[in-house]
Amino acid sequence: LYGSIGGSTDLVSITLPGYSVGMIYAIRTAGVDPASGRRIFLDKSGKKVLYEQVPVFGKNQWEYEDGTKAPAIATASDAVVYKNTTPKVYGGWSNKFTYKRVSLDALFTYQFGGFMYYGTQGTLMDNRFANNSTMILRRWKKAGDITDVPKVQDGDFTSWGYSLPLTANVYSSDYIRLKNLTISYMLPEKFLKKAQISDMSLFLSGQNLLLFTPYPGADPEVTSTDNTSATQGFDRNMMPNAKIYTIGLKVNF
């Protein structure tokens, strides 16, 4: 069973017997042809197919390395079961450190072994020039250039997968996050007796303060499908978890 997520043709999940739930179903890419700057796709059999939005006279939009015309690459015929979106390991570590009247509470969360489909990248590299990423600066410009960014052609929304699910947009979703950090100070009892207060403490707390991850998107913990278990690991223009700071006073009478 496979299908696009939220109607997005580049976000495609598949669930099959013997695989993890919600695998990424994508078309393989093999970089950029140094001679022509065209994106290299791999069809179902693994054969290279070069793509060019506006081919020069005598060339084909889709063609094999020898220049012969190739069938258009499509999800239904050329996508493969690619990477798992479910992390193999996840959890958290918390501890509390106390020195005299000062205490520090810290919670770290982590996950390893999963992958995320970075659909936002397909949008940012869309050559209709709505809002390009700075990745466009390392685009192919002349024969012999070695790069992972195809040459720029107006209207090309295929090379980066705006309309197709591509392995070029898949990244590790590993991360370690400082989820919560709280520093508190308990006031001395001699200042509290007259007010009949048993204890009072001041605290400063922060959430989502630090994130260490190879994922290039905003946040590897968010997903475009909320809590739907079968379609996790797909990020299309999602906002990261917000940083939250809290200052407070805790009083026990």
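Remarks
- From the coordinates shown, semi-axes √(5λ) of the Cα gyration tensor in Å corresponds to which of [x] 49, 25, 19; [y] 38, 29, 15; [z] 51, 19, 14: [z]
- For region 1-127, the per residue solvent-accessible surface stands at 51 Å², with DNA, RNA and ligands left out and a 1.4 Å probe.
- Taking the inverse of the mean reciprocal distance over all distinct Cα pairs, the Kirkwood hydrodynamic radius of region 79-229 comes to 19.5 Å.
- Computed FRET value (nearest 0.05) for Ile176 with Phe57, which takes r as the C-beta separation and R₀ as 30 Å: 0.05
- For the peptides 113-126, 80-93, 147-160, 57-70, residues were scored by their other Cβ atoms within 10 Å and the scores averaged per peptide; the highest-first order is 113-126, 147-160, 80-93, 57-70.
- In a fully extended conformation the segment linking Ile247 and Ser103 would gain 50.4 nm over its present Cα-Cα distance, using 0.36 nm per residue.
- For region 38-60, backbone nitrogen atoms closer than 19 Å to the point 7 Å from Asp145 Cα along Cα-to-C-beta are found at 38-41, 50-56.
- Residue-span extension gain [Lys190 to Leu204] - 0.36 nm each, minus C-alpha spacing: 2.8 nm
- With R₀ fixed at 41 Å, the C-beta to C-beta distance from Ile197 to Val89 puts the FRET efficiency at about 0.35.
- If R0 equals 25 Å, the separation of the Cβ atoms of Ala72 and Ser229 corresponds to a calculated FRET efficiency of about 0.15.
The values are calculated or read from the model by the stated rules, or taken from the named source; none is laboratory data. These figures come from a predicted structure and were not determined experimentally. Heads up, the Cβs are rebuilt from the backbone with ideal geometry, glycines too, and the neighbour counts pull from every protein chain shown. In case anyone asks, the SASA skips ligands and DNA or RNA and just uses the protein heavy atoms, side chains included. Shrake-Rupley method; radii C 1.70, N 1.55, O 1.52, S 1.80 Å.
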